Amino acid sequence: MKGLAPLFLLFASTMLAGCDMPSATARASAFPDAPHHRPWLYTAVGRLETAGEARRLSASMDGIIAQVMVQRGELVSVGQPLLRVDCRARTGVASAATAMARGARASTATLVAGARNEEISAASALRDAAQAKLSDAEERLTLADSLLPNGFISRRDHSARSFAVHAAKAELQAASARLDQLREGPRHSEISASMAAGDASAAEADTAAQMADQCITRSPINGRVLAIAHRAGEFSGASRGEVLMIVGDDRQMQVRATISERDVANVHIGQPLTVWIEGQSERWQARVTEISGVMGRRDARSLDPTDRFDRDSLEIWATMQSSGLPPIAGLRVMIGARTP
């Protein structure tokens, strides 16, 4: 047995040499694209977004969608109408209020301009006619006064002629006042009252127009229509906050990612990053352009198996520097910062 011990030791050493584990270099070469086998400062999960973040648009009021004015993928500009909810009652009120405001402005302008020569001439003619009517009534009353004592006219006829004189005097006074008003022009108080009424009508028209404009959803940015969630004939769901359309500027994409609190010191503005889609070999380049000033709770894990999920995180944004990455908002990507 003592003679067999050296042979057993020789056999064991030979077997262990043949089953030796690969070196660190061999392990690294076996996983050339695995980030946690490379010298990374940090890695993180991110989402691809449009520059300035995509806007999820809702309607301002409940109602049936009457018209979708754009198509998915169409370029839009700030303020461009995208979608219209059927609200004919509001548009009718706005039209009526606008017409009333226009009429009030016209009345004020006529008042300020004063009477035309034709109006003054017509008023003068009416005054002269009232004067002639009064003269005739007075002559008829004078004749009645001379006939009444001898009984050649009844007291009823005499009273009627007396009443006609009073009526003719009142008509003459009104015609004279109207002529004087046209010749003197409007008073300052009348102009002020007319202007105030016009301003009130204009304010009502503006309010009605704003209410009617709430029927239209407009683009808040220059960008592209990324998605249309509802079509004509469907309910807008404004009270429930339903998203009708998504608009974003996909001409420049960025990645939003959350960095573990242990890697915060390794992040800085202008830092170059490598971006890739998990399971694909192609790589793209990005650069850190914004860092949040507030820590938050984590909502995604990195590739590091030792990373703790209960750590706080820091949100960063990186602008894409190379092309080729599919411009799909919300696409899940990985980022990594290499050791210098």
Within the accessible area of region 79-199 (1.4 Å probe), percent carbon and sulfur: 56 percent
Value in Å of the Kirkwood radius, where region 34-162 supplies the Cα pairs that are averaged: 25.2 Å
Modelled FRET efficiency - R0 45 Å, residue 74 with residue 110, Cβ distances, 0.05 increments: 0.40
FRET efficiency for residue 125 and residue 167, using Cβ-Cβ distance with R0 set to 22 Å, rounded to 0.05: 0.70
Accessible area expressed per residue, region 41-107, with surrounding protein chains retained (probe 1.4 Å, Å²): 54 Å²
Cβ-derived FRET efficiency at R0 35 Å, residue 132 paired with residue 189, nearest 0.05: 0.55
Protection-proxy order for peptides 194-200, 47-53, each taking the mean of Cβ atoms within 10 Å per residue, highest first: 47-53, 194-200
Sequence-separation-based contact order of region 205-290, relative, with Cα cut under 8 Å and 6+ spacing, percent: 20 percent
Pairwise label distance in nanometres, residue 89 with residue 323, each label 7 Å out on the Cα-Cβ vector: 5.2 nm
5 angstrom amide H check on residue 63, placed H, neighbours 5+ away: 236, 237, 238
Rg over Rh, two decimals, region 184-340 (C-alpha only, Kirkwood Rh): 1.28
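The values are calculated or read from the model by the stated rules, or taken from the named source; none is laboratory data. Model, not experiment: these values are computed from the prediction. Positions of Cβ are backbone-derived with ideal geometry, glycine not excepted, and every protein chain shown enters the neighbour counts. Surface areas here come from the heavy atoms of the whole protein model, side chains and all, with no ligands, DNA or RNA. Shrake-Rupley method; radii C 1.70, N 1.55, O 1.52, S 1.80 Å.
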